[in-house]
Amino acid sequence: MKKRMLIIVLGLLLAIPGWVSANVEVPDTNGKQTEKPVPGSHDKEGTEECDCEKQEHMHKNWQAKMAEREQKLLTWVDQYTPDKKAEWTKVLAEKKDLRNKWLSPENAEKREKWKQEKMSKIQELKKQLDEGKLTKEEFVQKAHGGKAMGNWKTFHDLKAAVEAKNDKTAAELLNQLLDQSKQHNEKIKAMLAE
């Protein structure tokens with residue numbers, strides 16, 4: 001009994017510092033440390049997190065989720081549109097390269113400027129929503145730049161088509177998603193060029 005209690009106490013003593021440090025700090029691109037925002041709340045600067053409450057994902061391990069999504073895409077490309085494999089590989093590599101450039105310290109100022117513009121736009125839209133000038137759907141549509149999360153919806157439609165074993169729809173959606181990915185890459189290139 002005493003050994004069991006000793007093991008439990010030692011385990012807690014070793015685990016508590018890890019829990020504390022994991023729940024206090026998150027890395028910031030500006031080199032400062034800040035507290036983690038509570039999901040669904042506003043961060044310290046009054047900016048709003050995305051409206052993801054109804055979706056079952058968190059922003060914690062986005063890189064692993066992106067790698068998993070990319071792997072699924074390439075598997076589906078092999079299965080439904082093997083003739084476009086090289087094009088997909090090129091677009092996904094370019095996307096990864098552009099993301100790395102955008103997230104690099106050299107572009108921290110551009111990212112911060114873009115974030116401030118985006119957040120001020122969202123705050124203005126939020127104000128209009130609170131005043132009843134916009135519906136929740138209009139708010140979401142305008143907050144995401146009027147694109148209605150097109151590539152996200154296409155990906156989920158593609159996933160549903162694959163699960164339903166609808167080969168024709170899956171191939172069409174893969175082609176549509178490829179075009180959307182190319183457009184997104186061009187948008188990021190333009191943002192990097194500014």
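Assorted remarks:
- Criterion applied to K121, K126 was being farther than 30 Å from Q71 by Cβ and in contact with a strand residue (DSSP E or B) (Cβ under 7 Å, 6 or more places away or on another chain), and the one residue passing it is K126.
- Residues within region 63-107 that are in contact with a Phe, Trp or Tyr (Cβ under 8 Å, 6 or more places away or on another chain) and within 23 Å of L192 (Cβ to Cβ), tallied: 1
- Condition met for K189 (outside any loop (DSSP other than H, G, I, E, B) and closer than 19 Å to E68 by Cβ): no
Only the coordinates and a few stated rules stand behind these numbers; no lab work does. From a predicted model like this one, the values you see are computed outputs, not experimental measurements. Reconstructed Cβ throughout: ideal geometry from the backbone, glycine too, with neighbour counts over all protein chains shown.
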